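Participant: Quick one: structure below, then a few questions.
The values are calculated or read from the model by the stated rules, or taken from the named source; none is laboratory data. These numbers were taken from a predicted model, which means no experiment stands behind them. Neighbour counts are summed over all protein chains in view; Cβ atoms, including those assigned to glycine, are modelled from backbone coordinates with ideal geometry.
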Amino acid sequence: MKDKQLSVSAIKEGTVIDHIPASALFKVVSILNLDTLDTMITIGNGLESSKLGHKGIIKLSKVFFKDNEINKIALVAPCAKLNIIKDYDVVEKRVVEIPDEIISIAKCVNPKCITNNEEVATRFKVVSKAEVKLKCHYCEKITDQDNIEII
Amino acid sequence: MKNKNLVSITDFTKEEYLRILELAAEFEANPRQDILSGYIISTLFFEPSTRTRLSFETAINGLGGRVVGFSDSGATSASKGETLHDTIKMVSNYADLIVMRHPLEGSARLASEVSSVPIVNAGDGANQHPTQTLLDLYSIIKTQGTLENLKLFMVGDLKYGRTVHSLLQAMSKFNPTFYFISPDELKMPPAYKMYLDDIGVSYFEGKDLTEFLAEADIIYMTRVQQERFTDPIEYERVKNAYILRREMLEGCKESMKVLHPLPRVNEIHTDVDESPHAYYFDQARNGVYARMAILTSILGIK
């Protein structure tokens, strides 16, 4: 049986993003622009998780994120955990934190907002992190957690 | 304030408000000057607004400036599908300052990021209309002698009315007490009440217009519009409750003034017009002086 299993478990160096809600996995791929990378990426989704029911996991070989890059995924995967791997060992564990400003990720809830009517990068100030509330830089309306739509 | 944009009332500080009001008083004393001579100001009205446009153009012409622009986007390249971005890029090559009104919210902020000259927002959808707020402040300081510690009644549509939201933000810097009087359907949105709670400004909410009016320094009336109601019967029930009549003003402070951003439909009975408390037409005239002050400060002339 063992030779039929794909060997994806370990990476030598890189980042493992774990505890992504299964429904958000491909949003994370898109927010981090993983489609533009030419390194080895392993994506698993629909894996059983005691915490999330079903989770996704992404293993990126030779990729390391800066805080401000990885924090972008906090909107869709607030409990994602990062394992930083060096020489097959986890050398650091990190959690994501919602940044103070969200650019080009979410859509403004207000249909009369200029960003929903013209080609403009959306921009929000995060006015509340516990229960996420985003204030549009343009129309000044609040988009709350239940209405957040990822572009 | 030179080269500053005026997109949102929160773009200016308390000191800047007071400076504008001081200048407005100077222009009121001397409303015909040639200090904008040689300047070209563009007025881009992507949706019609007679009052605001005439007020701006009167202010510009009164100071000897030139106006280029349009009052209806149907006759412009916007109707051919040109983006706001491109229109502003082009016009900012022509004019020293752009005054714009646009039906979409956030349009003025976007314009200010694209334009090489300052933008003055003359209304972006239901969002902001800061020059209205500054003329409201000018009307208040002129009639009350101060902006500090006043009791301000806001009446009617407090949910959708952008003028009351901006006025609330601006007046909050002067230790006011607010009285919000509206039907349940049109109450002040929670976000604004939370803001007042955060900064420690006190407010009362009620449905009865006649209660406490004797306390008021300013009554700011707005229109209760039928289209805001999902239930037409509910509208019929409340519409007469928010009409201000002369007899209600008996017992008010002598210095109390009634303001209204206009146009009025029926929410202030015409019998109030002759009352010494009526101030809404003077308020509209103040708009010209306030706009003279705003334009000349941003152009760096004053």
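Participant: I'd like the full set of residues that are closer than 13 Å to A:A22 by Cβ, surrounded by 16 or more Cβ atoms within 10 Å (Cβ to Cβ) and either modelled with pLDDT of 90 or more or touching a helix residue (DSSP H, G or I) at 6+ places or on another chain (Cβ under 8 Å) (or both), limited to region A:46-86.
Facilitator: A:L52, A:K55, A:G56, A:I57, A:I58, A:V76, A:A77, A:A80
Participant: Here's a follow-up. Filter region B:213-227 down to residues that are in a loop (DSSP other than H, G, I, E, B), in contact with a Lys or Arg (Cβ under 9 Å, 6 or more places away or on another chain) and of a type outside the set (V, I, T) and give me whichever is surrounded by the most Cβ atoms within 10 Å (Cβ to Cβ).
Facilitator: From region B:213-227, those in a loop (DSSP other than H, G, I, E, B) are B:216-217, B:222-225; that's our starting set.
Narrowing the set further to residues that are in contact with a Lys or Arg (Cβ under 9 Å, 6 or more places away or on another chain) leaves B:216-217, B:223-224.
Then drop every residue that is not of a type outside the set (V, I, T), which leaves B:216-217, B:223.
Numbers: B:A216: 22, B:D217: 20, B:R223: 19.
For region B:213-227, the residue satisfying everything is B:A216.
Yes/no per residue for (1) of a type in the set (D, E); (2) loosely packed, with under 13 Cβ neighbours inside 10 Å; (3) within 13 Å of another protein chain (Cβ to nearest Cβ):
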site: A:Y88; (1), (2), (3): no, yes, no
site: A:I102; (1), (2), (3): no, no, no
site: A:T115; (1), (2), (3): no, no, yes
site: A:E119; (1), (2), (3): yes, yes, yes
site: A:Y138; (1), (2), (3): no, no, yes
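Participant: State which residue is surrounded by the most Cβ atoms within 10 Å (Cβ to Cβ) when the search covers only region A:121-136 and only residues that are of a type in the set (D, E, K, R) and either at the interface with chain B (Cβ under 9 Å from one of its Cβ atoms) or in contact (Cβ under 8 Å) with a residue 12 or more places away in the chain (or both).
Facilitator: Within region A:121-136, the subset of a type in the set (D, E, K, R) is A:123, A:125, A:129, A:131, A:133, A:135.
Now drop any that are not either at the interface with chain B (Cβ under 9 Å from one of its Cβ atoms) or in contact (Cβ under 8 Å) with a residue 12 or more places away in the chain (or both), which leaves A:123, A:125, A:129, A:131, A:133.
Numbers: A:R123: 21, A:K125: 13, A:K129: 13, A:E131: 8, A:K133: 18.
Of everything passing the filter in region A:121-136, A:R123 is surrounded by the most Cβ atoms within 10 Å (Cβ to Cβ).
Participant: Would you be able to say whether some residue in region B:69-84 is of a type in the set (F, W, Y) and loosely packed, with under 14 Cβ neighbours inside 10 Å?
Facilitator: Quick first cut of region B:69-84, residues of a type in the set (F, W, Y) only: B:70.
Now drop any that are not loosely packed, with under 14 Cβ neighbours inside 10 Å, which leaves none.
No, that holds for no residue.
Participant: Still on this model: Can you name every residue in region B:71-87 that is within 21 Å of B:L54 (Cα to Cα) and part of a helix (DSSP H, G or I)? Lay out the reasoning, then the answer.
Facilitator: Initial filter on region B:71-87 (within 21 Å of B:L54 (Cα to Cα)): B:71-76.
Residues satisfying the conditions are B:S73, B:G74, B:A75.
Participant: Continuing with the same structure: Keeping to region A:140-151, report how many residues are more than 10 Å from chain B (Cβ to nearest Cβ), surrounded by fewer than 21 Cβ atoms within 10 Å (Cβ to Cβ) and part of a strand (DSSP E or B). Break it down into steps so the answer makes sense when it comes.
Facilitator: Going residue by residue through region A:140-151, those that are more than 10 Å from chain B (Cβ to nearest Cβ) are A:143-151.
Right, trim to surrounded by fewer than 21 Cβ atoms within 10 Å (Cβ to Cβ) and you get A:144-151.
Adding the requirement that they be part of a strand (DSSP E or B) leaves A:144, A:149-150.
Of the residues in region A:140-151, 3 are more than 10 Å from chain B (Cβ to nearest Cβ), surrounded by fewer than 21 Cβ atoms within 10 Å (Cβ to Cβ) and part of a strand (DSSP E or B).
Participant: Might you check whether a residue that is more than 12 Å from chain A (Cβ to nearest Cβ) and at pLDDT 95 or above occurs anywhere in region B:102-113? Spell out the reasoning first.
Facilitator: Taking region B:102-113 as the starting set, the residues that turn out to be more than 12 Å from chain A (Cβ to nearest Cβ) are none.
Taking every residue of region B:102-113 in turn, none turns out to be more than 12 Å from chain A (Cβ to nearest Cβ) and at pLDDT 95 or above.
Participant: Confirm whether B:A95 is part of a loop (DSSP other than H, G, I, E, B), in contact (Cβ under 8 Å) with a residue 24 or more places away in the chain and of a type in the set (A, V, I, L, M, F, W, C). Give the steps one after another, and end with the answer.
Facilitator: Values: part of a loop (DSSP other than H, G, I, E, B): yes; in contact (Cβ under 8 Å) with a residue 24 or more places away in the chain: yes; of a type in the set (A, V, I, L, M, F, W, C): yes.
Yes, satisfied.
Participant: Residues B:K89, B:K142: which one is more than 22 Å from B:Y17 (Cα to Cα), at pLDDT 95 or above and either touching a Gly at 6+ places or on another chain (Cβ under 7 Å) or not aliphatic (A, V, I, L, M) (or both)? Walk me through how you get there before you give the answer.
Facilitator: Numbers: B:K142 fails: more than 22 Å from B:Y17 (Cα to Cα).
The conditions single out B:K89.
Yes or no, residue by residue, for (1) within 30 Å of A:T39 (Cα to Cα); (2) of a type outside the set (A, V, I, L, M, F, W, C); (3) more than 18 Å from the chain's Cα centre (by Cα):
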| position | (1), (2), (3) |
| --- | --- |
| A:N71 | yes, yes, no |
| A:L75 | yes, no, no |
| A:P78 | yes, yes, no |
| A:K86 | yes, yes, yes |
| A:I105 | yes, no, no |
| A:K112 | no, yes, yes |
| A:N117 | no, yes, yes |
| A:V120 | no, no, yes |
| A:D146 | no, yes, no |
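Participant: For region B:187-200, give me each residue that is more than 26 Å from B:G251 (Cβ to Cβ) and aliphatic (A, V, I, L, M).
Facilitator: Correct list: B:A191, B:M194, B:L196, B:I199.
Participant: Only one of these is of a type outside the set (F, W, Y), assigned to a helix (DSSP H, G or I), at pLDDT below 90 and more than 21 Å from B:H277 (Cα to Cα): B:A241, B:A191. Name it. Walk me through it before giving the result.
Facilitator: Details: B:A241 fails: more than 21 Å from B:H277 (Cα to Cα).
Selected residue: B:A191, the only one of B:A241, B:A191 that is of a type outside the set (F, W, Y), assigned to a helix (DSSP H, G or I), at pLDDT below 90 and more than 21 Å from B:H277 (Cα to Cα).
Participant: If we keep just the residues of region B:251-302 that are farther than 27 Å from B:Y235 by Cβ and β-branched (V, I, T), which is surrounded by the fewest Cβ atoms within 10 Å (Cβ to Cβ)?
Facilitator: Per the criteria, the residue is B:I301.
Participant: Output the residues belonging to region B:114-131 that are part of a loop (DSSP other than H, G, I, E, B), within 14 Å of another protein chain (Cβ to nearest Cβ) and among the hydrophobic types (A, V, I, L, M, F, W, C).
Facilitator: Within region B:114-131, just B:A126 meets the criteria.
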